[in-house]
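*Asks:* My questions all concern the structure below.
We did not get these values from a lab; they are worked out from the coordinates using the rules stated. All values reported here derive from a predicted model rather than from experimental measurement. Backbone-built Cβ (ideal geometry, glycine too); neighbour counts: all protein chains shown.
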Amino acid sequence: MAMIYCRDCGYKHSDRARACPKCGRVVFDADKSIVIYLVLLWLFGVFGAHRFYAGKVKTGLAILIMFLFGLFSFPVLVAFASAGADVAAMLFMGLGLISFFAACIWVFIDFIVTLCNIRHPEKIFAKK
Ligand SMILES: [Zn+2]
């Protein structure tokens, strides 16, 4: 745990704090660029790249897993289903499709939220 100085009031506090205990300024990594974030979101959003960049590894992994599960479940299960339409395989394929579209919708919502907060990087890069 390191100590940092608040960029607004200069109060020294833990870098693990979500906000400055004195003035309430949200702690975020000011070196991160909203432009790079948007480019990653636009080009590699379904791989969770923008969330990895923002330091939100868990939700980045969630998007990545949901997208890849959906992507790879589809051709594999089409092959299974054509070999003999199995209800369980069809159900699994349905889950894959839902997972795929859920990841896409999540990334689309991330894009809208980012555009709405483009002048407030602390809301995008805030810890936790
Ligand atoms: Zn402060």
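*Asks:* Under the definition of Cα pairs under 8 Å and six or more residues apart, what whole-number percent is the relative contact order of the chain?
*Replies:* Reported as a whole number, the value is 24 percent.
*Asks:* What Cys residues in the chain are without a partner cysteine, judged by a Cβ distance under 4.7 Å?
*Replies:* Lone cysteines by the Cβ rule: Cys104, Cys116.
*Asks:* If I histogram all Cα-Cα distances within the stretch 1-80 using bins 10 Å wide from 0, what percent of pairs lands in each bin?
*Replies:* It works out to 17, 30, 26, 16, 7, 4, 0, in whole percents.
*Asks:* Still on this structure: Looking at the P(r) of the stretch 31-125, how many percent of alpha-carbon pairs lie beyond 21 Å?
*Replies:* Here the long-distance tail beyond 21 Å is 39 percent of all Cα pairs in the stretch 31-125.
*Asks:* At 24 Å minimum axial length over the Cα atoms and a Kyte-Doolittle cut of 0.0, report the qualifying DSSP H helices in the chain, or say none.
*Replies:* 57-83, 87-116
*Asks:* Using mean Cβ contacts within 10 Å as the protection proxy, how do 62-69, 76-83 order, highest first?
*Replies:* Ranking, from highest mean packing down: 62-69, 76-83.
*Asks:* Per residue of the chain, what 222 nm ellipticity follows from adding -39500 (n - 2.57) for every DSSP H run with n ≥ 4, rounded to the nearest 500?
*Replies:* When only DSSP H runs of four or more count, the value is -20000 deg cm²/dmol.
*Asks:* Need one number: nm distance between label points at Ile36 and Ile118, each 7 Å from Cα along Cα→Cβ, rounded to one decimal.
*Replies:* It is 2.0 nm.
*Asks:* Tell me which chymotrypsin sites (Phe, Trp or Tyr not before Pro) from the stretch 1-42 have a DSSP coil assignment and no more than 16 other beta carbons within 10 Å of their own.
*Replies:* Tyr11
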